[in-house]
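Below is one structure, written out as structure tokens; the observations come after it.
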Amino acid sequence: MNEACRAPYTMTNSHSDAQALADTLRAKRLPPVADWHPERCSSIDIRIARDGSWHHEGTPIKRKSLYRLFSTVLRRDDDDEYYLVTPAEKLRIRVDDAPFHAVSMEVSGTGTGQQLIFTTNCDDRVSCDAGHPLRVDIDAASGEPSPYVLVRDRLEALIARPVFYQIVDLADTRNEQLGIWSGGCYFTLGSIRD
């Protein structure tokens, strides 16, 4: 890990930076965080829990507008660390599992023409397809499934258990595999033998 990223960072309010970011969000465009390569790098005590809740210095961030704003400048780098990134700096944060939580799902169509559209806890809407695949990890010890959908740029959403149950209810079987169609792709959920 980059040594510069070990330094702690304290949150400050920069009205002009926040206003510029808010203006970008209002235009429904995400900031181009992949294009930003700031020299200043440190850590901040922000953690995203497995349930999708955001915490600063151990205290939950209850204002959705604040963690939604943070989520728009979130990036996962090649070191598999998560950062809040601006043109001037990047701040390493902790993520327990996935940075987003898929809290609801809409379904349109049927069969191979079916489309699943997920909404995250940060109000991102994601159409599950080849560019936004669904995957399921099975915990080796417990056998419990952890389903995910790619939201953007290596950032995934853990699919909430009630939403996963909806997916399973819609699933069919192929070659002893349980799976679901979305966006013209068939996504395997697991073996029917398990």
For segment 96-142, enumerate the residues that are within 10 Å of the chain's Cα centre (by Cα) and charged (D, E, K, R). ASP97, ASP124
Go through segment 97-132 residue by residue and tally those that are exposed (fewer than 14 other Cβ atoms within 10 Å of the Cβ) and either among the basic types (Lys, Arg) or within 28 Å of TRP54 (Cα to Cα) (or both). 4
Reported set for segment 52-63 where residues are under 15 Å from the mean Cα position of the chain (by Cα) and either among the aromatic types (Phe, Trp, Tyr) or surrounded by fewer than 16 Cβ atoms within 10 Å (Cβ to Cβ) (or both) is SER53, TRP54
Which residues, taken from segment 59-78, are hydrophobic (A, V, I, L, M, F, W, C), touching a Leu at 6+ places or on another chain (Cβ under 7 Å) and not in a helix (DSSP H, G or I)? VAL73, LEU74
Can you find a residue that is within 24 Å of PRO147 (Cβ to Cβ), outside the structural domain of GLU156 (by TED's automatic domain parsing), assigned to a strand (DSSP E or B) and charged (D, E, K, R) anywhere in segment 79-88? no
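The values are calculated or read from the model by the stated rules, or taken from the named source; none is laboratory data. Just so it is clear, the structure is predicted and the values come from calculations on it, not from any experiment. Virtual Cβ from ideal backbone geometry, glycine too; neighbours counted across all protein chains shown.
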